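A quick write-up on the structure given underneath.
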Amino acid sequence: MSRISRVAVAIMRIAMFPIMYMPDIPDKAAINEAVELAKKYSQKSDSGFINGILNSYMRELKDNEK
């Protein structure tokens with residue numbers, strides 16, 4: 001965690017909330033917004049990293065629900 005920028009961590013936390021607690025918001029929309037925020041406020045490489053982490057997180061949540 002110490003190698004990840006604080007901005008990237010904050011963006012991921014913001015995106016995880018609707019994925020976990022707001023079923024009326026599509027998960028892909030929350031992830032897309034997080035990626036767009038990362039492109040604007042963080043380094044370019046962070047957007048791909050955030051996309052990968054959030055997609056993995058979303059898949060893991062869906063697998064645990066089954």
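Bear in mind these aren't lab numbers, they're just calculated from the coordinates by the rules spelled out. Quick caveat: nothing in here was measured; it's all calculated off a predicted structure. For neighbour counting, all protein chains shown are included, and Cβ atoms are generated from backbone atoms with ideal geometry for every residue, glycine included.
See the values below:
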read-out	value
Subset of segment 16-35 (residues that are exposed (fewer than 13 other Cβ atoms within 10 Å of the Cβ), charged (D, E, K, R) and assigned to a helix (DSSP H, G or I))	K28
Residue within segment 43-64 that is of a type outside the set (F, W, Y), touching a residue at least 24 places away in the same chain (Cβ under 8 Å), part of a helix (DSSP H, G or I) and touching a Leu at 6+ places or on another chain (Cβ under 7 Å) present	no
Pair list, Cβ < 7 Å and 6+ apart or interchain, from segment 1-13 residues that are in contact (Cβ under 8 Å) with a residue 24 or more places away in the chain to residues that are in a loop (DSSP other than H, G, I, E, B) and hydroxyl-bearing (S, T, Y)	S5/S42; V7/S42; A8/S42; I11/S42
